[in-house]
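The next block holds one structure in the form of structure tokens; read it before the comments.
Rule-based calculations on the coordinates, nothing more; no lab input. Source: prediction; values computed, not measured. For neighbour counting, all protein chains shown are included, and Cβ atoms are generated from backbone atoms with ideal geometry for every residue, glycine included.
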Amino acid sequence: MTQRLMPFRQSLFQMHRHLLQALKAEREHHFQREFAPAEWLNLVTGAPEYRWLAPLTRYLADVDALSEWPGIAESDLQLVRQVWEDFFRESEGEESFRARYQRLLQKDSDLLISHSHLRKHLEALPAASTTPIADADERRQAWHERTRKNRSDLN
């Protein structure tokens, strides 16, 4: 199962990098100045206008934790897919993740290309459930706990 998750994980991280680059370019254009890496990091992690990225950042951490598991269950891969698809099921509105992300997709070709790669690797994962997974948050937390335990066992 890891061989199906790793290409998705890699394309997810690539997409995230392009997303942050697109946001930074947009901000630099708006303020007509460059932002130093530390300044940009502080902005993207603390400024209210970037709070919409927090669920995506948590999702990256979840996928990263799961990728360290030696045996990944099919149901975990389904959950990975469902959570990604849920980002695009949100309610309408220009403040939603979907609206902001799609606006950036239209403006940035690197982000668009990385998104298409991500979609390709997403299709290799098992189909998401059509109903919400009741214990999704607990299962995502368990990915981190198991990874921490595996790391502590190695020390």
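Before moving on, here are some points about what is shown:
- Likely footprinting exposure, 15, 6, fewest C-beta neighbours within 10 Å first: 6, 15
- Reach of residue 24 by Cα under 24 Å, taken over lysines that are not fewer than 8 positions away in the same chain: 107
- Structure-based [θ]222 nm, the chain - -39500 (n - 2.57) summed over DSSP H runs of at least 4, per residue, nearest 500: -23500 deg cm²/dmol
- Relative contact order, percent, the stretch 1-122 [alpha-carbon distance under 8 Å, six or more residues apart]: 46
- Distance between the stretch 94-121 and the stretch 23-78 - C-alpha centres, whole angstrom: 14
- Extended-chain gain in nm, criterion 0.36 nm per residue less alpha-carbon gap, residue 149 and residue 34: 37.2 nm
- Summed side-chain charge close to residue 46 - residues other than residue 46 whose Cβ falls under 15 Å, Lys, Arg +1, Asp, Glu -1: +1
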